[in-house]
1. Those residues that are under 36 Å from the mean Cα position of the chain (by Cα), surrounded by 14 or more Cβ atoms within 10 Å (Cβ to Cβ) and assigned to a loop (DSSP other than H, G, I, E, B), I need them from the range 318-340; list them, please.
2. If residue 426 meets every condition in (1) in a loop (DSSP other than H, G, I, E, B); (2) closer than 19 Å to residue 522 by Cβ apart from one, which number is that one?
3. Are any of the residues in the range 159-177 surrounded by fewer than 16 Cβ atoms within 10 Å (Cβ to Cβ) and under 30 Å from residue 495 (Cα atoms)?
4. Kindly provide the set of residues from the range 228-254 that are modelled with pLDDT of 95 or more, outside any strand (DSSP E or B), surrounded by fewer than 23 Cβ atoms within 10 Å (Cβ to Cβ) and in contact with a strand residue (DSSP E or B) (Cβ under 7 Å, 6 or more places away or on another chain), ordered by number.
5. Within the range 296-317, identify whether any single residue is at pLDDT 95 or above, under 21 Å from residue 438 (Cβ atoms) and surrounded by fewer than 19 Cβ atoms within 10 Å (Cβ to Cβ), and answer yes or no.
6. Look at the range 207-227 and say how many of its residues are touching a helix residue (DSSP H, G or I) at 6+ places or on another chain (Cβ under 9 Å) and either closer than 15 Å to residue 271 by Cα or surrounded by fewer than 18 Cβ atoms within 10 Å (Cβ to Cβ) (or both).
7. Are there any strands (runs of 3 or more DSSP E) wholly within the range 472-572 with 2 or more residues that are within 22 Å of residue 439 (Cβ to Cβ), and if so which?
């Protein structure tokens with residue numbers, strides 16, 4: 001019994017020990033997390049308080065950024081690390097970071113790039129000079145290392161301003177070029193009135209030149225007149241014409257030693273068709289004299305017409321044309337093509353010569369046009385050949401289909417005239433119309449419009465005359481004038497000029513200078529002219545880049561053989577003009593946002609704009625250099641009549657945006673010369 005009790009006691013002691021050990025083990029597991037929990041609870045409160053302080057400081061920093069930005073973009077938009085401070089009750093930014101009650105505050109300003117669609121990108125793209133990225137960071141180390149951040153995109157577009165021009169006084173500060181400022185509707189810009197010259201109201205008061213020789217052919221380009229003569233002492237003559245109102249002219253030089261029958265010029269070189277059997281074409285260098293004292297030009301090169309077998313040709317050359325480094329010349333009834341990639345020495349022939357008429361017949365004039373990828377030569381034919389106009393394809397001499405006569409037309413197949421002969425031809429730029437003048441016949445017309453859309457089957461616009469009465473059909477009757485040459489002076493204005501001599505067989509004393517209205521191309525009508533009884537031998541016309549237009553004629557006068565006649569649209573307004581605004585100083589560099597325009601643009605008129613932004617030069621916008629651009633930032637595009645968004649460009653040259661100095665340019669034009677577009681109000685929206 002005693003033993004049993006003793007065992008029981010010993011067993012109880014073992015159980016208590018085991019329970020104690022278990023309890024100690026449990027406490028060893030549970031106690032540390034409990035302790036850490038108590039510690040974390042205390043630290044979490046501190047961390048939470050820190051975060052609340054940091055967020056408040058972050059919001060304050062954001063407001064400080066907005067406040068500094070609103071005071072001015074240029075003082076804000078410099079990349080770097082900053083912190084805000086209060087100075088004189090206003091926020092400002094100071095370089096570097098700062099510590100505020102154990103919190104480190106910083107903001108970093110950096111550039112923003114955008115792709116072509118204006119979307120912000122992290123790599124590539126183009127820097128947007130009117131947007132900055134601001135990264136704000138508030139960080140702390142206790143009780144735990146942590147931070148709060150925010151990112152802002154800040155732009156210039158705060159408090160946009162506008163600079164407007166709307167009154168006559170505003171517009172008067174600008175520079176009108178063939179435009180005018182008026183006050184019909186409270187101030188506007190429109191095309192200038194046409195006081196220069198009208199095709200249908202010609203006069204001889206502009207200028208005339210006394211040439212050293214007797215002319216027989218003339219060709220013109222802007223600023224230059226080229227004349228040939230059969231007098232060997234004055235084979236070729238060159239006159240320069242100034243781009244002034246009115247123009248002035250000056251004799252520049254000549255070439256001697258040849259009989260010249262036709263002439264062409266292209267600025268640096270002149271070309272004459274001659275009677276020389278080894279130099280049917282002579283090329284003249286207009287930049288060099290062989291005899292400066294006597295103003296005799298240097299001969300640069302030549303072309304010798306030969307048969308397809310290589311034997312010499314003794315026939316005189318009579319018509320010449322130059323186009324795209326090729327020369328085209330006719331001698332007898334053949335067309336020759338030669339290489340002009342160089343102008344020096346003997347120029348090689350290209351391909352075989354092409355027969356275009358009966359033996360003994362010649363070209364009155366030749367004219368070239370490139371239509372698509374095809375090169376055509378149009379020939380007015382004189383002589384027994386019944387077709388007065390021939391069309392030749394001279395594209396590729398290695399293909400027979402592209403080196404031959406492809407079309408022709410007989411403008412009087414009904415025996416209405418036995419005198420018909422092609423004197424001159426002009427072809428419009430797209431090659432769909434040829435205009436031909438012919439020998440005078442009292443029973444038939446002298447000027448015709450040919451539809452050449454189908455080069456293999458040209459047709460007379462207005463139809464062929466029938467016999468009798470031979471006065472119907474298409475064309476124009478020149479009266480008693482025997483045409484020597486004709487030219488279309490303006491397709492937009494539908495004007496042509498026919499010049500010539502009095503026909504001794506016609507009792508009518510018609511004007512030798514006749515201006516035609518081609519509005520009805522089947523039946524052109526007379527709209528003005530001049531009496532030059534000595535007779536007119538040739539004519540050429542030039543339209544200058546600034547819109548001025550002239551015809552140059554050579555006459556049989558004993559002196560002042562070359563005469564300059566100013567032309568232009570026969571209406572109230574000039575054809576086109578430009579208006580440049582006065583330069584505007586915005587006071588500081590600003591983003592140019594948008595050009596806003598109020599205007600009126602009648603049908604048949606156009607109005608477009610370009611904008612120019614620039615930096616000051618020597619502290620002045622007057623001295624700045626302005627480059628005008630359109631909406632894509634290049635000078636090849638234009639804003640419509642309502643304006644548009646202005647592109648950014650901050651590369652330091654040419655067009656600049658942002659910019660301090662700004663101008664705009666308006667381009668006005670019309671094809672109805674009694675109507676003009678009008679600029680009423682122009683407003684520039686910008687952000688400082």
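1. Passing the criteria: only 340.
2. All conditions are met except number (1).
3. So far as the range 159-177 goes, yes, one or more of its residues are surrounded by fewer than 16 Cβ atoms within 10 Å (Cβ to Cβ) and under 30 Å from residue 495 (Cα atoms).
4. Scanning the range 228-254 gives 230, 234.
5. No.
6. Going residue by residue through the range 207-227, those that are touching a helix residue (DSSP H, G or I) at 6+ places or on another chain (Cβ under 9 Å) are 211-215, 227.
Those left that are additionally either closer than 15 Å to residue 271 by Cα or surrounded by fewer than 18 Cβ atoms within 10 Å (Cβ to Cβ) (or both): 212, 214-215, 227.
Going through the range 207-227 one residue at a time, the tally reaches 4.
7. Numbers: elements: 481-490, 495-502, 513-517, 525-530, 536-543, 549-555, 562-567.
Per the criteria, 481-490, 495-502, 513-517, 525-530, 536-543, 549-555.
Residues checked against (1) under 17 Å from the mean Cα position of the chain (by Cα); (2) crowded, with 17+ Cβ neighbours inside 10 Å:
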position	(1), (2)
610	yes, yes
621	no, yes
625	no, no
629	yes, yes
663	no, yes
666	yes, yes
671	no, no
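The values are calculated or read from the model by the stated rules, or taken from the named source; none is laboratory data. Just so it is clear, the structure is predicted and the values come from calculations on it, not from any experiment. In this analysis, Cβ positions are derived from the backbone assuming ideal geometry, glycine residues included, and neighbour counts consider all displayed protein chains.
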